[in-house]
Amino acid sequence: MAGITIDGVRKVYPNGFQAIEDLSLNIPDGELVVLVGPSGCGKSTLLRMIAGLETISDGDISIGGRIVNRLEPGERDIAMVFQNYALYPHMTIFDNLAYGLRNRKTPKAEIKQRVEEAVQMLGIAHLLDRKPRQMSGGQRQRVAMGRAIVREPSVFLFDEPLSNLDAKLRVQMRVEIKRLQRQLKTTSVYVTHDQLEAMTLADTLVVMNAGRIEQAGTPMELYSNPATVFVATFIGSPAMNMLPGIVADGFFRVEGDAAGIQPMSLRGVANGPVILGVRPEHLQVGPAIGAGLSGRLHVISSEPIGAETLVYCEGPGSDPLILRAAGEATHRPGDMVDVFAPADRLHLFDTETGEAKPRLTAVQTVMATGPQPVT
Amino acid sequence: MVENRRLLDILGHVLMLFAVALVVFPVWVAFVASTQDPAALMSGTVPLLPGDRLIQNYSEMLGTGMASAGAPPILLMLGNSLIMAVGIAVGKIVISLLAAYAIVYFRFPFRTLIFWTIFITLMLPVEVRILPTYDVVASLGMLDNYSGLILPVIASATATFLFRQFFMTVPEELCEAARIDGAGPLKFFWDILLPLSRTNIAALFVILFIYGWNQYLWPLIVTTSENLYTIVMGIQRLVTVADAEPHWNLVMATTVMAMLPPILIIVLMQRLFVQGLVETEK
């Protein structure tokens, strides 16, 4: 009973900069929503507006059906985990965890019990008497989580909580956060710029750009059906290959020098410029099997990273075309490779708006490598 | 090489001992003079070894004072100085903490202007504004009492500036975390900002205590009653006796005793400094 409703919210700074423009989002109770986007996209501002640390220029934010626009952060029944943990340096861990409860006049015995439960849950029970500076980054992170947990709030807010940790700890804490959130079933909003973190944590993933929501959905929805060029290139690493081209006379041709990419038969798409997107993992080395995009490309370099090898090929534009090959692949610079991506793995975007067009079916591209039809 | 090194060591130590002697010598002369009888200091040569009137000189000044010079007993003046110095140090710290807190953590119109106005008062020493200040104090009826000694010098631009600089290094998230934890502005100040400023407060207390203790011109102007004389102006009164040689032995005894409280404060508070330096709390 504590979902978050964001209705037509705007944030305009006194200097006229519009950080958030007319944003609406509904976060159901118990869900973990991840806000992701490049820096300056407004994701942190939105989180801080939910927390009450930034004023709302227009629109309403309600938590559990109660409009909180004018409430102090302390009255919103939320807890927040900060990037730099923001633990009180002069207090012991126990006091750090208990501070919020004491301010709410919670009885002493209950504070003790709740703090003990939280430290048990996080495995930091032996650290209760320490001060923050006597602990490692990972331990501080746990304390920061603990401070959120003891309050038993109706909403958790996370502001890039893992970005100060090293890679290994980050993965470990990511799993932990997910586990805790599942266990406590508390509605959570999590801000990050790390798309891997975003994909693995989110129940609902919200991609933001320039103060707007580009797309919201499950991580796999966003991965499989990106609504815009921005989402397509933001989700997935390495990013989706983008091929600007033109549809004419039932064919898709790459713009300018084709660099070995074959024209592709394409029916049912209006003539004009389009952008064709294909993910590196869907671009296979080998001859064309059925309908789809095919070509013969010049290898520029290859990066073996163990489980797979990233092969960079000369593309039509200035950007190389990247494809994911098996780990043992031995493509050398200068080699020519046949590549193929099946039709149902291709994405078409409008050149002007960047919006996705309906996904292609095999029937539309059945003449993939055949001779051009007579018109 | 080893021989050379030794020579250098000796030379260095000699130099340092000389420098120490240079600093300590006047203090030693003052102490020696405070133990002599008056005649020994009139002879023209300054004695360099302590005399036999140590206890006599000090007890005379502590107990009865020097009526001929219009100076009350030293104990009274030491007490006045202590009240004034502590009042000034504590007052300055309290006021500048609050002022800096307002300037750093609250958004209000002309915030920057107000800060710079405070800052600019640094350029005006007490002497420059002494006449208008006297006028204000006189019209408020604060002449010849402790509030008149303390209140006019209680605002400190330096301390405000230092606390402001310190507050600005405190991460903003700390304030935000406290707000989310349900702490209002006063609670945040009391529970978090004040404990974090502890070492800064200690350092400033030492500096401001000595500043207050050494106040000379202002107490001289604002007090006329002997009961309110402070030790530093008391020394001056002892020297300017009419139609007689000043009793240098007694003046020096007073001087040595005037030195002791500041030294005591430094020695005691130094432990807090070191503690503060070892435990970096941020």
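The values are calculated or read from the model by the stated rules, or taken from the named source; none is laboratory data. As the structure is a computational prediction, the values presented were derived from the model and not from experiment. We place every Cβ from the backbone using ideal geometry, glycine too, and count neighbours over all the protein chains shown. These accessible areas exclude ligands, DNA and RNA; they are computed on the full protein's heavy atoms, side chains included. Shrake-Rupley method; radii C 1.70, N 1.55, O 1.52, S 1.80 Å.
In terms of the mean number of neighbouring beta-carbon atoms within 10 Å, the peptides B:122-129, B:81-88 order highest first as B:81-88, B:122-129. Remark: mean inter-chain Cβ contacts per residue of A:87-97 equal 3, using a 10 Å Cβ-Cβ cutoff to other protein chain atoms.
When only the Cβ of Lys, Arg, Asp and Glu is charged (+1, +1, -1, -1), the dipole of the protein assembly as shown relative to its Cα centre reaches about 1020 debye.
For segment B:1-145, the ratio of Cα radius of gyration to the globular rule of thumb 2.2 N^0.38 Å stands at 1.75. Here segment A:70-90 and segment B:172-239 have alpha carbon centers that stand 32 Å from each other. For segment A:90-219, the Cα gyration tensor yields ellipsoid semi-axes of 28, 17, 13 Å (square root of five times each eigenvalue, largest first, whole Å). Database remark: amide H of residue A:301 closer than 5 angstrom to the amide H of A:312 (H placed geometrically; neighbours at sequence offset of 5 or more, or on other chains; Pro and chain starts carry no H). Helix A:137-150 versus the longest principal axis of chain A: what is the Cα-based angle in degrees, 0 to 90, to the nearest 10? In chain A, helix A:137-150 runs at an angle near 70 degrees to the longest axis. Applying a DSSP loop filter and a limit of 12 other Cβ atoms within 10 Å to the trypsin sites (Lys or Arg not before Pro) in segment A:75-162 leaves A:104, A:105.
For the segment B:167-178, counting C-beta atoms of other chains within 10 Å of every residue's C-beta and taking the mean gives 5. Packing, taken as the mean count of other beta carbons within 10 Å per residue, orders the peptides B:205-218, A:153-166, A:342-355 from highest to lowest as A:153-166, B:205-218, A:342-355. Two numbers describe the Cα atoms of the protein assembly as shown: Rg and Dmax, which are 38.4, 132 Å. If you take the Cα centroid of segment A:30-68 and the Cα centroid of segment A:245-290, the two points sit 40 Å apart. Dividing the C-alpha radius of gyration of segment B:140-282 by 2.2 N^0.38 Å, with N its residue count, gives 1.44.
Taking label points 7 Å from Cα along the Cα-to-Cβ direction, residue A:248 and residue B:20 give a separation of 9.5 nm. Relative intensity of segment B:105-189 on a log10 scale, I(q)/I(0) at q = 0.16, 0.17, 0.20, 0.23 Å⁻¹, equals -0.83, -0.88, -1.00, -1.13, per a Debye sum over C-alpha point scatterers of equal strength in the absence of solvent. Quote the relative contact order of segment B:82-161 in percent (integer), defining contacts as alpha-carbon pairs under 8 Å separated by 6+ residues. This gives 62 percent for segment B:82-161. For a quick check, take a GNM of chain A with Cα springs below 10 Å and name the residue from A:192, A:233, A:309 with the largest mean-square fluctuation. Largest GNM mean-square fluctuation: A:309. When the Gaussian network model of chain A links Cα atoms closer than 10 Å, the mean-square fluctuations of A:276, A:23, A:222 top out at A:23.
Partners of residue B:92 within straight-line reach, counting lysines whose Cα lies under 30 Å from its Cα and excluding those fewer than 8 residues away in the same chain: B:187, B:282. Comparing mean-square fluctuations of A:43, A:11, A:178 from a GNM of chain A with C-alpha springs under 10 Å, the top value falls on A:178. Using just its DSSP H runs of length 4 or more, each adding -39500 (n - 2.57), the protein assembly as shown gives a mean residue ellipticity at 222 nm of -13500 deg cm²/dmol after division by all residues.
What whole-number distance in Å separates the alpha-carbon centres of segment A:148-214 and segment B:16-65? Computed from Cα coordinates, the inter-centre distance equals 74 Å. What number, in percent, do you get for the relative contact order of chain A if the mean sequence gap of Cα pairs under 8 Å and at least 6 apart is divided by its residue count? With pairs under 8 Å counted, the relative contact order is 15 percent.
Here's how it looks for residue A:32: its modeled amide H is under 5 Å from those of A:188, A:203, A:204, which are all 5 or more places away or on a different chain. The calculated FRET efficiency for the pair residue B:107 and residue A:225, based on their C-beta separation and a Förster distance of 45 Å, comes to about 0.50. I'd like to know which of A:313, A:301, A:233 lies farthest towards the positive end of the charge dipole of the protein assembly as shown, counting +1 on Cβ of Lys and Arg and -1 on Cβ of Asp and Glu. Selected residue: A:233. For segment A:62-116, taking Cα atoms only, Rg and Dmax work out to 13.4, 37 Å respectively. Find the lysine pairs in chain A meeting two conditions, Cα atoms under 28 Å apart and a separation of 8 or more places or different chains, and report how many there are. Lysine pairs, 8 or more places apart or on different chains, close enough: 16. Annotation: residue A:99 carries an accessible surface of approximately 10 Å², with a 1.4 Å probe and no ligand, DNA or RNA atoms counted. Over chain B, the ratio between the Cα radius of gyration and 2.2 N^0.38 Å evaluates to 1.28. For segment A:12-97, a/c is not less than 1.5, where a ≥ b ≥ c are the root eigenvalues of the C-alpha gyration tensor, and a/b tops b/c. That puts it in the prolate class.
Take the accessible area of chain A alone and of chain B alone, subtract that of the pair, and you get about 1900 Å² summed over both chains, using a 1.4 Å probe. Taken over segment A:240-362, the convex hull of the Cα atoms encloses 100 Å³ per residue.
Scanning chain B for long hydrophobic helices, with DSSP H runs required to stretch 30 angstrom or more by C-alpha along their axis and to average at least 0.0 on the Kyte-Doolittle scale, returns B:2-33, B:74-105, B:248-278.
The label-point distance for residue A:7 and residue A:95, in a model that sets each label 7 Å from Cα toward Cβ, rounds to 4.4 nm.
Across peptide A:100-107, the average count of Cβ atoms from other chains found within 10 Å of a residue's Cβ is 3.
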